[in-house]
Structure formats: structure tokens, C-alpha cells
Amino acid sequence: MYFRKTFLFLLLSFSFSGALYAQVPSCSAAAKFYSKDSINITVFGASTAHGMYGHDFETPLQADFEHCYTGKTISITNNGIPGQTTTEGLGRFPAAIAGRTGFLLMLMGANDAIGMANKKMKLSETEKNMRYYVKTALDSHLIPIIGTLQFFNDTKSDFNKTCNLYIKQINALYKKIAKDNNLYVADINKALGRDWALYKDDIHPNEEGFNLLGFVWFDSVNQAIEDKLLLIGLNQNYPNPVKDNTKIGFSLSQAGRVQIKLYNMNGAIIRDVYDDYQSSGYHELNAAMGDLVPGIYIYVMQVGGQHISKKMIVTR
């Protein structure tokens, strides 16, 4: 599954007295329906996964999840080693994921691009390695998310321009592998683009860049959670009270028929709000209520033998 066209969670920052401040992320409505007690994340990769110059993306990522998934235990394990190619990481991979559950964030391959530019590696070697990582992770019941690679700053280096030709090939390969295995992609390359103000050196992000990476990973993990790891639940409509139109959100743990009916306080059915089959995950629908008599109503979702209800207030 490819990275969303629009970020659900954007890094918004401003400067004040020389300091950089970043807003907390917008939390998905689906966070309250997460089906597990913890979010476990294993990070595997090279220097950007490890962190550089005293900064990393794991720290803001942890803070983002703690902000949105209150009451959940957040565990992030960093297995980044600077300088390694995907080939050099093969030997330590089994130990890195042993006993781990949840999500595997893979960010590795920039050193492969350097190797290709130096005629010491081939793209086919990187493909073989990444397919091994993915298969091994899936066999271990992890949810892999592949990160695309950021560009090298090539404004003053012909060698870096050559590296970037291979970065493009590797990223295209990673997206193909993700598509082949129905995986998620954290499109770091798209997020950083060629904004060198987000870089500390030719390849590594600075503090602001790492914060942005945290949001990119956060968005991708949330997408996986919304698609795969939600309880059956019904959200409070918004706005409430409602004058004309309102939104109703619901989550499904598996695909099924969803029926939502609206009742008055006497128990009489006023209308069928929704009746259709939906995939697992979080969904939201728009409902027109402008023709209703002001008052209190109850909307009830029926799915898989379960009934869940919420109160709605209609006003003028």
C-alpha cells in the first residue's frame, strides 16, 4: 500500500527566540479503537535509523504515539548501525526481530547506493536482501513498513548525483516489493524532497528533518493500525449538536455488513442512515439531518451480531 497522497499528520513548526518548536500530531479518531494494550515497534536500518548528531526520529515518534494512544505502552527498539549496506545487515537481522511483535520499520539502502556508484554492488543484490527482510518479518508475524530513502545533497557533488540515480532505482524497487507483498510504505523521500534546510550533512537529517521523519513513520503506522488492528466501535457524531450535516465514524475488526439506524426517544425508527458492506478499518460517513425535528435521537450500528449506540442532538 502506497504512502497517502496527503499527510494525516503534518509537522508544523515555528521559530521563537532562536528555538524550534513542533506541534503535537493530530490524532486519528481510530486511536480510541486500537485493539491492543501496547504498540511495539522495531526499527532496523543504518545511520538514519540509528540517529545522527544527537537526534533521531524514534524520540519524536515515541512522543507522538504517547500523545495519541493514551494508556497504551509504547515500545520502540532501535537497531540502526551506521554505515551498513542491506547485505551487511543480513547477519544481525534475525536477532533484531527475535521475540518482537507489532511493527517493523525498515530504513536501509543509502549505503547500497554508494556501493552501486562505486561499482561494488548491484540493484539485484539489494532486491534479494530486501525481499529476505520482508519474508522473514512476515514469517515472524510482524507488520513491515518500508521507508524510502532520502536524496543525497548533490548541489556540489557529481558523485552524489550518481548516488541519487541509484536512490531513485532503489526507491522504485522498494515500492514494487511493498506492492508485491501488500505492505505499507513510509515515503521519506517525498517528505524531505530536495529541501536541504532539513539536512545536517549530505545525507542525514537535522533535528527538524528527524522530527519530520517521525511524523512520516507515525502516519504510516497509523494507517496500518486503522486497516488491521481496530476493535468494532462507533464514534460520536461531529458536530453534535447538529443543524444540517454531521459525520459518523465507525471501525471494524473485519469486513462485514454495517447497518446504522436512527431512532427517536420513543424507540421508533426514523431512517436508515447506512446499510452496506465495508472492509476492516476505520470509516467515516456524512449524514444529512437538516430535515429532522429538533430533539434527541439515538443512532445504532449493527454489525456481526453486535449493537452499538450513541446519542445525537438535533437543533436549529
All conditions in (1) of a type in the set (Gly, Ala, Ser); (2) crowded, with 16+ Cβ neighbours inside 10 Å; (3) closer than 21 Å to Tyr34 by Cβ are true of Ser279 except (2)
Sort through Asp180, Asp187, Asp201, Asp195 and tell me the only one that's among the acidic types (Asp, Glu), surrounded by fewer than 18 Cβ atoms within 10 Å (Cβ to Cβ) and touching a residue at least 40 places away in the same chain (Cβ under 8 Å).
Asp201
Would the stretch 226-245 turn up any residue that is surrounded by 21 or more Cβ atoms within 10 Å (Cβ to Cβ) and part of a helix (DSSP H, G or I)?
yes
For the condition closer than 15 Å to Val134 by Cα and either in a helix (DSSP H, G or I) or hydrophobic (A, V, I, L, M, F, W, C) (or both), what is the one hit in Phe65, Phe44?
Phe44
Which numbered condition Gln254 fails, given (1) exposed (fewer than 15 other Cβ atoms within 10 Å of the Cβ); (2) more than 21 Å from the chain's Cα centre (by Cα); (3) not assigned by TED's automatic domain parsing to the domain that holds Gln62
(2)
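Condition check ((1) buried (at least 23 other Cβ atoms within 10 Å of the Cβ); (2) more than 20 Å from Gly89 (Cα to Cα); (3) in contact (Cβ under 8 Å) with a residue 24 or more places away in the chain; (4) not acidic (Asp, Glu)) across all residues:
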position: Met121; (1), (2), (3), (4): no, no, yes, yes
position: Val134; (1), (2), (3), (4): no, no, yes, yes
position: Pro144; (1), (2), (3), (4): yes, no, yes, yes
position: Leu149; (1), (2), (3), (4): yes, no, yes, yes
position: Ser157; (1), (2), (3), (4): no, yes, yes, yes
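Going by what's in this entry, would Glu208 be described as closer than 30 Å to Gln302 by Cα and assigned to a helix (DSSP H, G or I)? Talk me through it step by step, then tell me what you get.
Values: closer than 30 Å to Gln302 by Cα: no; assigned to a helix (DSSP H, G or I): yes.
In short, no.
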Can you tell me how many residues in the stretch 112-150 are in contact with a strand residue (DSSP E or B) (Cβ under 9 Å, 6 or more places away or on another chain) and either more than 20 Å from Asp187 (Cα to Cα) or of a type in the set (A, V, I, L, M, F, W, C) (or both)?
10
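The values are calculated or read from the model by the stated rules, or taken from the named source; none is laboratory data. As the structure is a computational prediction, the values presented were derived from the model and not from experiment. Here the Cβ is made from the backbone with ideal geometry for all residues, glycine too, and neighbour counts use every protein chain on show.
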